[in-house]
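Notes follow the structure.
The values are calculated or read from the model by the stated rules, or taken from the named source; none is laboratory data. Predicted model, so just to flag it, every value in this text is computed and none were measured. Methodologically, a virtual Cβ is constructed for each residue, glycine included, from the backbone with ideal geometry; neighbour enumeration extends over all protein chains shown. Just the protein is used for accessible areas: all its heavy atoms, side chains included, with ligands, DNA and RNA removed. Shrake-Rupley method; radii C 1.70, N 1.55, O 1.52, S 1.80 Å.
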Amino acid sequence: MLKHFWGSLMFTAVCLAVGGWYGWTVEGTVEGMLSILWICAVLAVLEVSLSFDNAAVNASILKDMDPVWQRRFLTWGIAIAVFGMRIVFPLVIVMVAAGIGPIDAVELALSEPDEYQRIVSDAHIGLMGFGGAFLGMVGLKFFFDSEKELNWIEAIERPLSKVADIEAISIGLVLLGTWATSTMLADADALTFIIAAIGGLLTYLVVEIVNHLLEPPAPSTGDVARAGFGAFLYLEVLDASFSFDGVIGAFALTNNLIIIAIGLGIGAMFVRSMTIFLVNKGTMSQYRFLEHGAFYAILALAVIMYINTFAHIPEVITGLIGAVLIGLAFWASVRSNRADARTATGEAFS
């Protein structure tokens with residue numbers, strides 16, 4: 001297992017060294033330095049707990065991807081995840097909201113962290129709308145599948161698969177949830193939320209169209225590369241949607257851009273390592289219900305994002321819900337494997 005995580009451990013050591021140096025430079029005391037290091041560590045744990053279901057979902061998609069695009073996602077993708085979503089994305093929010101350039105946005109983040117936090121936090125409703133709608137579509141697609149043969153929770157999944165042929169049922173459910181949530185918000189916030197949710201829905205549809213166009217029935221080598229690009233794009237948007245709550249939640253601990261980038265960057269690296277471990281070990285195939293648990297966790301996160309627009313749910317609870325769902329799916333898989341083994345043993349002796 002260590003070989004899958006040594007890169008993340010080295011990255012953590014470097015980041016904590018940078019965090020310690022930064023803490024000493026800013027605070028000038030051992031206590032101040034240790035305080036900043038502690039926040040970095042807590043942010044890393046927060047990111048891992050919130051993104052464990054992300055790693056499971058990534059692994060379920062990566063296991064069917066071309067190996068070349070697997071490697072590209074696990075290399076280029078982590079650069080986008082760490083630097084794009086944890087550093088660049090909050091700055092882009094400030095640039096758009098405040099109407100300033102990138103240099104001014106960086107200066108604002110470093111010199112006026114309270115104002116920077118206010119601007120990013122003001123974008124909270126839009127981010128929750130976009131991420132919730134996109135993740136809702138991802139989760140519903142897995143369960144509204146008429147060809148889905150394996151069910152974990154029969155009472156829920158079997159009826160959903162039976163009505164999966166009804167056109168646009170997933171879109172209808174997401175729009176219904178969007179409308180219901182908007183009724184809980186003030187008029188201006190409701191409009192922002194609806195527009196953002198429609199943006200998330202349209203983004204999902206665009207990615208699905210790209211996947212469809214790039215994935216022919218009998219792909220040649222070049223076709224596989226194009227299909228791999230479609231899956232790569234899908235995973236990047238999925239990862240971005242997962243990261244919204246982590247970026248917003250980080251401001252509960254600090255509004256310092258550098259500390260947030262260090263802490264969430266460490267967490268993102270461990271999520272990458274978990275994804276590689278799950279893919280290389282064939283865990284998603286070995287434990288048959290683990291994928292189901294991951295998609296239940298996605299739906300739970302989508303619902304939580306919607307609820308977070310009018311009632312705050314602590315990030316600890318968000319992370320625990322995903323971890324519990326995946327843990328239950330893992331245990332159900334273990335029990336199912338044991339039952340299969342006993343059945344096979346009984347047949348062998350009969």
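Across segment 151-162, what is the total count of residues that are modelled with pLDDT under 85 and open to solvent by 50 Å² or more (accessible area, probe 1.4 Å)? Can you show your working first?
At the first step, the residues of segment 151-162 found to be modelled with pLDDT under 85 are 161-162.
After this cut, where a residue has to be open to solvent by 50 Å² or more (accessible area, probe 1.4 Å) as well, the list is 162.
Summing the residues that are modelled with pLDDT under 85 and open to solvent by 50 Å² or more (accessible area, probe 1.4 Å) in segment 151-162 gives 1.
Mind checking whether some residue in segment 204-226 is under 30 Å from L43 (Cα atoms) and either modelled with pLDDT under 90 or loosely packed, with under 12 Cβ neighbours inside 10 Å (or both)? Scanning segment 204-226 turns up at least one residue that is under 30 Å from L43 (Cα atoms) and either modelled with pLDDT under 90 or loosely packed, with under 12 Cβ neighbours inside 10 Å (or both).
What about M137, is it modelled with pLDDT under 80, buried (at least 20 other Cβ atoms within 10 Å of the Cβ) and closer than 21 Å to L202 by Cα?
Values: modelled with pLDDT under 80: no; buried (at least 20 other Cβ atoms within 10 Å of the Cβ): yes; closer than 21 Å to L202 by Cα: yes.
In short, no.
Of all the listed residues (T318, T343, T309), the sole one being open to solvent by 40 Å² or more (accessible area, probe 1.4 Å) and either among the hydroxyl-bearing types (S, T, Y) or under 20 Å from V57 (Cα atoms) (or both) is T343.
May I ask you to list the residues in segment 185-203 that are surrounded by 17 or more Cβ atoms within 10 Å (Cβ to Cβ) and closer than 13 Å to M137 by Cβ? It would help to see each step written out before you state the result.
Narrowing segment 185-203 to residues surrounded by 17 or more Cβ atoms within 10 Å (Cβ to Cβ): 185, 189-190, 192-194, 196-197, 200-201, 203.
Scanning segment 185-203 gives A197, G200, L201, T203.
For I326, the criteria (1) surrounded by fewer than 18 Cβ atoms within 10 Å (Cβ to Cβ); (2) within 25 Å of F5 (Cα to Cα); (3) β-branched (V, I, T) hold in every case but one, which is (1). Against the conditions (1) in contact (Cβ under 8 Å) with a residue 12 or more places away in the chain; (2) open to solvent by 40 Å² or more (accessible area, probe 1.4 Å), V279 satisfies every one except (2). Within segment 238-250, the set of residues being modelled with pLDDT under 70 and surrounded by fewer than 24 Cβ atoms within 10 Å (Cβ to Cβ) comprises I248, G249.
Residue by residue, here is whether (1) open to solvent by 10 Å² or more (accessible area, probe 1.4 Å); (2) within 22 Å of A250 (Cβ to Cβ); (3) of a type outside the set (S, T, N, Q) holds:
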position	(1), (2), (3)
M65	yes, no, yes
R71	yes, no, yes
I87	yes, yes, yes
P90	no, yes, yes
E107	yes, yes, yes
D145	yes, no, yes
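Considering segment 282-306, the residues that are open to solvent by less than 30 Å² (accessible area, probe 1.4 Å), in a helix (DSSP H, G or I) and of a type in the set (F, W, Y) include one that is farthest from T183 (Cα to Cα), namely F295.
Among the numbered conditions (1) out of contact with any His (no Cβ under 7 Å at 6 or more places or on another chain); (2) at pLDDT 80 or above; (3) not hydroxyl-bearing (S, T, Y), tell me where A329 comes up short. For A329, the exception is condition (1).
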